[in-house]
Structures are given as C-alpha cells and as structure tokens.
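Structure, as structure tokens:
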Amino acid sequence: MAATFNWYQYNGAATAETSLGTGGNLVNFKANDTAGTAQYDTNPITAGANSMLIYLKGAWGGTFNKIDNLQFWQSTAFSPATGLSIYWLTNGTNAYAAPSTATTVAANAVPTSDPAAENIYIGGTAAGSLAAAGKSDYVPLQLRTTTAAAAGDTSLAEFTLQYDES
C-alpha cells in the first residue's frame with residue numbers, strides 16, 4: 001500500500017484549483033493572483049511590498065489506511081535572504097478568502113526547522129486525518145519584503161510537508 005501525493009494551488013474569487021505536481025519549482029510569489037510559475041516576471045514584487053497571498057493544499061490518493069500528523073516548514077531559505085520573509089497561517093485554515101497583499105491572513109513566520117508536531121490540520125482540527133483520498137486544510141503563504149531586498153529574481157526557497165502514513 002502506498003499513498004500518492006500532489007500539491008494544489010487555489011486562487012481567484014471562486015477558488016480555481018491548479019495541480020502543481022509533487023515537487024520542484026511549483027509556484028512563484030508574485031504581485032498578481034495566478035497559479036504556478038507563469039507571469040512572475042511580469043508581476044514582480046518590489047522591495048518593500050508583499051506578494052499576493054497564495055493558498056496551497058496537500059492532496060493524497062492511492063491506497064493507505066491513514067494520513068495524519070502534517071508538519072510544514074521552510075527547509076531551505078532564500079540566498080541571500082536579506083529583506084525576504086515568508087509568512088503563513090499556523091495550522092492552516094479550512095476557510096478560503098480571495099487572495100490579496102494584505103497581511104491579515106498570513107500572520108506568523110513560517111517555521112525554519114521541523115516543528116516536531118503537527119502544524120497543518122485536516123478538516124479544521126488537530127485530530128483530523130484521512131482514511132481515503134483527500135486534502136489538507138489550506139496552507140496560506142505570503143512573501144513579505146523590506147526595502148533591503150535585492151533587485152531581481154530571488155533564489156529558490158524550499159518547503160517540506162512531512163506526514164505519517166499507515
């Protein structure tokens with residue numbers, strides 16, 4: 001038995017769902033509300049501004065008994081990281097709101113090491129789990145910059161979603 005995994009991004013007022021695949025350069029932070037890596041070069045985030053909020057979900061399929069204990073963190077930072085910070089909503093959320101550059105949803109800095117305990121919910125609760133194909137709660141992320149951020153493209157930042165499967 002083995003579960004399959006896929007990332008999804010949600011955007012727009014009506015939660016358009018875009019499959020991002022399983023890994024690699026899946027999404028770019030940008031100043032507009034589009035999914036994936038498209039249009040980041042024509043919608044840059046200027047130093048001192050915030051990206052549009054992005055909503056991700058982890059999705060599982062295949063055959064498994066249980067998926068739970070979702071742990072999310074930024075495993076590799078930008079280099080250089082001066083003036084760049086990633087924020088999120090701790091534990092995720094099962095409520096979606098149309099993305100904006102406001103900082104009211106993604107209020108906490110993303111952990112930069114394994115949190116050692118669940119920090120993304122399933123079904124809006126810490127006790128949530130999957131026994132069949134399904135998805136995590138939304139993981140809202142936002143890139144915030146200061147005026148110290150370097151001009152041009154940033155390096156790649158990596159994020160890890162670890163989970164228990166039985």
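Search region 1-20 for residues being part of a loop (DSSP other than H, G, I, E, B) and in contact (Cβ under 8 Å) with a residue 40 or more places away in the chain, and hand back the single one that is farthest from Ala148 (Cα to Cα). Before the answer, list the steps.
So in region 1-20, the residues part of a loop (DSSP other than H, G, I, E, B) come out as 1-2, 12-15.
The next check asks that each one be in contact (Cβ under 8 Å) with a residue 40 or more places away in the chain; those that pass are 1-2, 12-13, 15.
Numbers: Met1: 49, Ala2: 45, Gly12: 30, Ala13: 32, Thr15: 33 Å.
Applying the filter and picking the extreme gives Met1.
In region 62-73, what residues are crowded, with 19+ Cβ neighbours inside 10 Å and under 22 Å from Val105 (Cβ atoms)? Steps first, please.
Our first condition is that a residue be crowded, with 19+ Cβ neighbours inside 10 Å; within region 62-73, this holds for 67, 70, 72.
Those that are crowded, with 19+ Cβ neighbours inside 10 Å and under 22 Å from Val105 (Cβ atoms): Leu70, Phe72.
Only one residue in Leu89, Leu130 is more than 18 Å from Val27 (Cβ to Cβ), out of contact with any Cys (no Cβ under 9 Å at 6 or more places or on another chain) and buried (at least 17 other Cβ atoms within 10 Å of the Cβ), so which one is that? Break it down stepwise before answering.
Working: Leu89 fails: more than 18 Å from Val27 (Cβ to Cβ).
The unique qualifying residue is Leu130.
What pairs come out if I take residues in region 41-68 that are on the phi > 0 side of the Ramachandran plot and pair them with residues that are not hydrophobic (A, V, I, L, M, F, W, C) whose C-beta lies under 8 Å away, six or more apart or interchain?
Cβ pairs passing all conditions: Gly48/Thr145; Gly48/Thr146; Gly48/Thr147; Gly62/Thr4.
Within region 1-34, take every residue that is aliphatic (A, V, I, L, M) and farther than 26 Å from Ala132 by Cα and give me the one that is surrounded by the fewest Cβ atoms within 10 Å (Cβ to Cβ).
Going residue by residue through region 1-34, those that are aliphatic (A, V, I, L, M) are 1-3, 13-14, 16, 20, 26-27, 31.
Restricting the remaining residues to those that are farther than 26 Å from Ala132 by Cα gives 13, 27, 31.
Working: Ala13: 10, Val27: 18, Ala31: 16.
Here the answer is Ala13.
Being more than 13 Å from the chain's Cα centre (by Cα), modelled with pLDDT of 90 or more and either buried (at least 18 other Cβ atoms within 10 Å of the Cβ) or farther than 22 Å from Asp137 by Cβ (or both) narrows it down to one residue among Thr76, Thr82, Thr42, Thr37; which is it? Walk me through it before giving the result.
Details: Thr76 fails: modelled with pLDDT of 90 or more; Thr42 fails: modelled with pLDDT of 90 or more; Thr37 fails: modelled with pLDDT of 90 or more.
Sole residue among the options that is more than 13 Å from the chain's Cα centre (by Cα), modelled with pLDDT of 90 or more and either buried (at least 18 other Cβ atoms within 10 Å of the Cβ) or farther than 22 Å from Asp137 by Cβ (or both): Thr82.
Of all residues being among the aliphatic types (A, V, I, L, M) and outside any loop (DSSP other than H, G, I, E, B) in region 104-142, which is farthest from Gly12 (Cα to Cα)? Just the residue, please.
Quick first cut of region 104-142, residues among the aliphatic types (A, V, I, L, M) only: 105-107, 109-110, 116-117, 120, 122, 126-127, 130-133, 139, 141.
Still in the running and outside any loop (DSSP other than H, G, I, E, B): 109, 120, 122, 130, 139, 141.
Values: Ala109: 24, Ile120: 22, Ile122: 22, Leu130: 27, Val139: 15, Leu141: 15 Å.
Taking the candidates together, the pick is Leu130.
Look through region 21-58, keep the residues that are touching a Phe, Trp or Tyr at 6+ places or on another chain (Cβ under 7 Å) and in a loop (DSSP other than H, G, I, E, B), and return whichever of them is nearest to Thr90 (Cα to Cα).
The selected residue is Ser51.
Looking for something over 19 Å from Thr112 (Cα atoms) and touching a residue at least 60 places away in the same chain (Cβ under 8 Å) - is there at least one such residue anywhere in region 22-36?
Among the residues of region 22-36, at least one is over 19 Å from Thr112 (Cα atoms) and touching a residue at least 60 places away in the same chain (Cβ under 8 Å), which makes the answer yes.
The values are calculated or read from the model by the stated rules, or taken from the named source; none is laboratory data. Just so you know, these numbers come straight off a predicted model, no measurement behind them. Using ideal geometry, Cβ is built from the backbone for each residue, glycine included, and neighbour counts are taken over all protein chains shown.
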